[in-house]
Amino acid sequence: MSLLIVERGPNAGTRIPLTVFPVTIGRDPQNDIVINDEECSRFHLRLKQRGNLMIIEDLESRNGTYINGDRTLNAVIKNGDRILIGNTELSYAGATPNIQLATEIMQFDMLVAEELGLGGPISLNPEKHNTREFKPQRLNQLSMANQTTTSVAAVKKIFELHGNILVIEDLEEASKTLLKSIGQLLSKISRASFFVWSDSQRQLIPIATKHFKKKQPFLLSQRAFEDVITRKQGILLEANSPQVTHQGRHRVILPMIQNGIPICLVHIESDEAKTPFPKQELGLIQALLLRCAPSFESLLLRRELDGWLIGMIETMIATVEAKDTYTRGHSERVSKYCLAIADELKLDRETKKLLMISALCHDIGKIGIPDTILKKASMLSAEEYAEMRLHPTIGADIVSHLPSSQRFISGVKYHHEKWDGTGYPDGLQGEDIPFFGRIVGLADVYDAMVSGRGYSGFMNQDDASERLADEAELFDPEILKAFQKAHASGALTLKTDTLNQHLDEPILENSKNILNLNKDKKSDSKPKNIKKQKKVK
């Protein structure tokens, strides 16, 4: 059965079933659905059903009908769409589920996918879509949570578990800790999984799983997920219910709600078919989810901001590379080399992330260099070279406007400084050169050799490594040593053919790949050796 849920305005929270069509909505009592809103027209809109499609038609209303912020006269609406009429906002929940598991999980966390039983193309068990046959027991999370406040010991336990999660700043780690905490509260638990809900994409993104007993694939229900998201209420699917596919399991799905919006879901299973979940223990879990919701919202917002930052960087890199076709893929390769060096130096994950951003941004200043200089295939004149030397400073000025730029700007501004003091822009020497500048500088020179710049030819990767060793006075000895180890292990081997300058796995594809870049296979192609050239200064 389809529903309209009043999200904002008079009677907020009311659920209006849609059983007979067409349906008229407006202020006049003769409408099928009456909205007590003075900003709503007497006969505002009509809902019609055409097969599986739900069509909304504006009836020449005074203030218009808006779907997800866009004014419309006639349109098809889908699950989750927001309808604004006057000051009243409604959300539509269709009878046919359309929630999906994010396919990106297969790319960045195979372990979670495998534990969920998703070894191949991701799919959910649709169960039965007929509403009369789908009869879960719905749970009122606020009522459940309030019942736990009668026990001092229970409240103390919830605060203790919440405190453990509160200090964690990583979403994945916080999710794993939450599942462990749920295991301490629920005695009959066999396995649990944690999902983040993306409302814009109608996707559930698996983040963490936990097996407490026998390890086996999860039994995930598309219809159940849809029900929880739509109604913003948890549901209990008991093994003795003949209406659902159960395989002898009890299941409960609980939403994490923040400001009236579901942001995450917890899916819990028990293999003890004869013993249902204790309601008191489910209340404790719901109380914990309510306490943790603000913390998880902050972690999700931080993740979203990181995504915006990477998107901005990608845009700037694409702009530079559109100007200079010779350097296509250069920033990504330099970033990959830097992270391989970072692995040898045993740098922590946060430092690797900042180093990655610094390396990706290191040539952004070239956007301010004239095309006649940037695209010149021959050696630059003294005047042209002087102008080219300005790009680190220009790049530093550009990235200084990015969030937390002071933590990674050094790789942008100082990647052309040399250990012996012969570099630019400031002629820094030795350890006066910031750490990121030393790493990015070495990786930049290496890629210039092996990627075949128009004025430098194409150098074999082994020869390039030897050249850097011959010019050791230009680089930090410890970083050069880490580079040599990474090269010897094969972590630096990439396909850098000038006719095909791209990575097999784009570095910006996802954060997990970014921090595990030393696992690529060796390239099968080896360019021909060429004669060594003059030192790179």
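If I go through the range 405-435 residue by residue, how many of them are in contact with a helix residue (DSSP H, G or I) (Cβ under 9 Å, 6 or more places away or on another chain), open to solvent by 20 Å² or more (accessible area, probe 1.4 Å) and not small (Gly, Ala, Ser)?
Pass one, the range 405-435, residues in contact with a helix residue (DSSP H, G or I) (Cβ under 9 Å, 6 or more places away or on another chain): 405, 407-426, 428, 431, 433-435.
Among the residues that remain, those that are also open to solvent by 20 Å² or more (accessible area, probe 1.4 Å) are: 407, 409-410, 413-414, 416, 419-422, 425-426, 428, 431, 434-435.
Among the residues that remain, those that are also not small (Gly, Ala, Ser) are: 407, 409, 413-414, 416, 419-420, 422, 425-426, 428, 431, 434-435.
So the count comes out to 14.
May I ask you to list the residues in the range 420-446 that are part of a loop (DSSP other than H, G, I, E, B), in contact with an Asp or Glu (Cβ under 6 Å, 6 or more places away or on another chain) and not small (Gly, Ala, Ser)? Full working, then the answer.
Going through the range 420-446, the residues part of a loop (DSSP other than H, G, I, E, B) turn out to be 420-429, 433-434.
In the following step, the residues that additionally are in contact with an Asp or Glu (Cβ under 6 Å, 6 or more places away or on another chain) were identified as 420, 423, 428, 433.
Selection gives Asp420, Leu428, Ile433.
Cβ contacts < 8 Å: first residue in a strand (DSSP E or B), restricted to the range 61-76; second residue small (Gly, Ala, Ser), any location; separation 6+ or different chain. Result?
Ile67/Ala75; Arg71/Gly64
Residue check: is Glu39 open to solvent by 70 Å² or more (accessible area, probe 1.4 Å) and farther than 30 Å from Ser221 by Cβ?
Criteria met by Glu39.
Here's the yes/no breakdown for (1) hydrophobic (A, V, I, L, M, F, W, C); (2) in contact with a helix residue (DSSP H, G or I) (Cβ under 8 Å, 6 or more places away or on another chain); (3) at positive phi:
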site	(1), (2), (3)
Ser198	no, no, no
Ile207	yes, yes, no
His211	no, yes, no
Gln216	no, no, no
Lys232	no, no, yes
Ile235	yes, yes, no
Glu272	no, no, no
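Going by the conditions given, is Gly490 at pLDDT below 95 and open to solvent by 20 Å² or more (accessible area, probe 1.4 Å)? Lay out the reasoning, then the answer.
Working: at pLDDT below 95: yes; open to solvent by 20 Å² or more (accessible area, probe 1.4 Å): no.
Criteria not met by Gly490.
Restricting to the range 292-327, name every residue that is basic (Lys, Arg) and surrounded by 17 or more Cβ atoms within 10 Å (Cβ to Cβ). Let's see the steps before the verdict.
Taking the range 292-327 and keeping what is basic (Lys, Arg), we get 302-303, 323.
The answer is none; no residue qualifies.
Taking the conditions exactly as written (at pLDDT below 95 and more than 24 Å from Ser200 (Cβ to Cβ)), does Asn68 satisfy them or not?
Taking the combined requirement at face value, the residue does not satisfy it.
Could you please find all residues in the range 200-211 being farther than 17 Å from Ile253 by Cβ, open to solvent by 50 Å² or more (accessible area, probe 1.4 Å) and not hydroxyl-bearing (Ser, Thr, Tyr)? Break it down stepwise before answering.
Here is the first cut: in the range 200-211, the residues farther than 17 Å from Ile253 by Cβ are 200-201, 211.
Now restrict to residues that are open to solvent by 50 Å² or more (accessible area, probe 1.4 Å): 200-201.
If the condition is that a residue be farther than 17 Å from Ile253 by Cβ, open to solvent by 50 Å² or more (accessible area, probe 1.4 Å) and not hydroxyl-bearing (Ser, Thr, Tyr), then Gln201 is the only one that fits.
Does the range 262-288 hold any residues that are among the hydroxyl-bearing types (Ser, Thr, Tyr) and surrounded by fewer than 21 Cβ atoms within 10 Å (Cβ to Cβ), and which are they? I'd like the intermediate steps shown before the answer.
To start, the set of residues in the range 262-288 that are among the hydroxyl-bearing types (Ser, Thr, Tyr) comprises 270, 275.
Scanning the range 262-288 gives a single hit, Thr275.
Is there any pair with a first residue in the range 257-268 that is in contact (Cβ under 8 Å) with a residue 40 or more places away in the chain and assigned to a strand (DSSP E or B) and a second that is acidic (Asp, Glu) and surrounded by fewer than 24 Cβ atoms within 10 Å (Cβ to Cβ) whose Cβ atoms are under 7 Å apart and which are 6 or more apart or on different chains, and what are they?
Partner pairs satisfying both residue conditions: Ile263/Glu297.
Would you check if Lys214 is among the basic types (Lys, Arg), in contact with a strand residue (DSSP E or B) (Cβ under 6 Å, 6 or more places away or on another chain), touching a residue at least 40 places away in the same chain (Cβ under 8 Å) and not in a strand (DSSP E or B)? Give the derivation first.
Details: among the basic types (Lys, Arg): yes; in contact with a strand residue (DSSP E or B) (Cβ under 6 Å, 6 or more places away or on another chain): no; touching a residue at least 40 places away in the same chain (Cβ under 8 Å): yes; not in a strand (DSSP E or B): yes.
When the stated conditions are applied, Lys214 does not pass them.
Which residue is most open to solvent (accessible area, probe 1.4 Å), if the candidates are limited to the range 343-383 and must be farther than 24 Å from Thr319 by Cα, among the basic types (Lys, Arg) and in contact (Cβ under 8 Å) with a residue 24 or more places away in the chain? It would help to see each step written out before you state the result.
Initial filter on the range 343-383 (farther than 24 Å from Thr319 by Cα): 343-352, 381-383.
Restricting the remaining residues to those that are among the basic types (Lys, Arg) gives 346, 349, 352.
Right, trim to in contact (Cβ under 8 Å) with a residue 24 or more places away in the chain and you get 349, 352.
Details: Arg349: 126, Lys352: 30 Å².
Across the range 343-383, the extreme among qualifying residues is Arg349.
Please tell me if Gln243 is part of a loop (DSSP other than H, G, I, E, B) and either open to solvent by less than 10 Å² (accessible area, probe 1.4 Å) or at pLDDT below 80 (or both). It would help to see each step written out before you state the result.
On the way: part of a loop (DSSP other than H, G, I, E, B): yes; either open to solvent by less than 10 Å² (accessible area, probe 1.4 Å) or at pLDDT below 80 (or both): yes.
Yes: the conditions hold for Gln243.
The rows are residues; the columns are (1) in a loop (DSSP other than H, G, I, E, B); (2) over 30 Å from Arg15 (Cβ atoms).
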residue	(1), (2)
Ala174	no, yes
Gln184	no, yes
Phe194	no, no
Gln201	yes, no
Ile205	no, no
Thr209	no, yes
Arg223	no, no
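The values are calculated or read from the model by the stated rules, or taken from the named source; none is laboratory data. Treat the numbers as computed from the prediction; the structure is a model and nothing was measured. Cβ atoms come from the backbone with ideal geometry, glycine included; neighbour counts cover every protein chain shown. Heads up: the accessible areas ignore ligands, DNA and RNA and are worked out on the full protein's heavy atoms, side chains in. Shrake-Rupley method; radii C 1.70, N 1.55, O 1.52, S 1.80 Å.
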